[in-house]
Amino acid sequence: MIRRPLINSQRKKRGRDIHGILLLDKPAGMSSNSALQHVKRLFNAKKAGHTGNLDVPATGLLPICLGEATKVSAYLLDSSKTYRALCRLGITTTTGDADGDILAEKPIPKLSKDDVKQACMQFLGETEQVPPMYSALKYKGQRLYELAYKGIEVERKARKITIHRIELLNFDNETFEIAIYCTKGTYIRTLAESIGHELGCGAHVLTLRRLGVGPFNESQMVTPTQLQAAAAAGVAQLDTLLLPMDTALLDLPEIYLTDDMAFYLCRGLAVMVSGLPKSGRLRLYDSTARFLGLGEVAKNGFLAPKRLINLS
């Protein structure tokens, strides 16, 4: 009998069915995708994804979702973020950070800490921001940074962002350090440039560190050293570094379903549940407290499945 070669869709994916979230402390000099692929190889995971790019020179929190946890990655992508940035006054660069070529140098005026603080406060709240050319956004199928490296600049539309909180941590006449809590899509390099423009001398980011994504914070991060040590100790030790996938959704209300409710909902049917809120998404659990995924309150008041987890 002649055996036909398997087409791509029929080929069995290699790797383990491992599910959870790793909160990686990404080192400087590594792209978010390189970090993702490294983690995926260490865990020998079938499927993995990260929750939004962190600049190559930047460090800090990069949640990496393995297996079914990739189904909640979009929720983290949409979450607000916390950063700490050290910025240099008087110099603007092509990339908005220390990796770029110098565009202009201006003398730094005599400034007080209050002057810098007031400049920062100008950007508190909802505002519009034009994404930088050196970003991973796409224009006609190409990443903006790919065009930028070719010397091509295209028009970018301003996007609405919100700076929930901005705090001036330090100022020493030449540099200032800020902590920022902001919505997704906020470019800290662009914010630093805007603050520098407000002060009349320009600025760029020297170092950038992400400290929070959604419900996660810096205290939960796993360093590359810790990751390598766990990998050397074996797969079982590696797996202890993973957080349950529902930890990404802890700010959503939870609801526990009866066996019958869970049965029908897991088959794509909306169910009637008492005590539901009027609208919104919910974390779903069965009667044994097993996480089922995301549900949503439908217009008719029923609970409908939104994004379910498949661990069978």
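Read-outs: derived from the displayed coordinates by stated rules, not from any lab. What you are looking at is a predicted structure, and each value in this text was computed from that prediction instead of being measured. Here the Cβ positions follow ideal geometry from the backbone for every residue, glycine too, while neighbour counts run over all protein chains shown.
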Query raised in the report: Using θ = phi - 60° and the Karplus form 6.51 cos²θ - 1.76 cosθ + 1.60, what ³J(HN,Hα) does each residue of segment 54-66 get, whole Hz, x for Gly and Pro?
Result: 10, 3, 3, x, 7, 10, x, 5, 10, x, 10, 9, 10
Requested in this report: Please list, or write none, the aspartates and glutamates whose alpha carbon is within less than 20 Å of the alpha carbon of LYS184, excluding same-chain residues fewer than 8 places away.
Outcome: ASP25, ASP55, ASP78, ASP97, GLU126, GLU128, GLU167, GLU193, GLU218, ASP251
Report summary line: extent check for segment 252-308: Cα max minus min per principal axis, descending, whole Å, gives 27, 21, 20
Query raised in the report: Which of the lysines could a cross-linker bridge to LYS278, judged by Cα under 26 Å and excluding same-chain residues fewer than eight apart?
Result: LYS71, LYS299, LYS306
Query raised in the report: To one decimal place, what Kirkwood hydrodynamic radius in Å is obtained for the chain from all pairs of distinct Cα atoms?
Result: 22.0 Å
**Report entry** Loop-located trypsin sites (Lys or Arg not before Pro) in segment 98-192, at most 13 other Cβ atoms within 10 Å (DSSP)
**Finding:** LYS110, LYS140, LYS150, LYS157
Query raised in the report: By how many nm would the segment from ALA229 to ALA298 lengthen if fully extended, with 0.36 nm per residue of separation less the alpha-carbon distance?
Result: 20.2 nm
Query raised in the report: If one takes the longest principal axis of the Cα atoms in the chain, at what angle in degrees, from 0 to 90 and to the nearest 10, does the Cα axis of helix 32-43 lie?
Result: 40 degrees
**Report entry** Full-stretch length increase - LEU269, ASP239 - with 0.36 nm per residue and alpha-carbon distance subtracted
**Finding:** 7.4 nm
Report summary line: Counting sequence-distant residues (5 or more places) and residues on other chains, those with an amide H built under 5 Å from that of THR207 are LEU86
Query raised in the report: What ³J(HN,Hα) values, in whole Hz, does the Karplus curve 6.51 cos²θ - 1.76 cosθ + 1.60 give for segment 178-184 when θ = phi - 60°, with x put for Gly and Pro?
Result: 10, 10, 10, 10, 8, 6, 4
Query raised in the report: Against the longest principal axis of the chain, how steep is helix 188-198, in degrees 0 to 90 to the nearest 10, with axes from Cα atoms?
Result: 30 degrees
Report summary line: So the compactness index of segment 9-73, its C-alpha Rg divided by 2.2 N^0.38 Å, takes the value 1.12
**Report entry** Per-residue [θ]222 nm for the chain (sum of -39500 (n - 2.57) over DSSP H runs n ≥ 4, rounded to 500)
**Finding:** -5500 deg cm²/dmol
Report task. With label points built 7 Å along Cα→Cβ from the Cα atoms of ASP99 and ASN44, find their separation and express it in nm. Result -> 3.3 nm
Report summary line: Given 230-241, 43-54, 280-291, the highest-first ranking by average Cβ count within 10 Å works out to 43-54, 280-291, 230-241
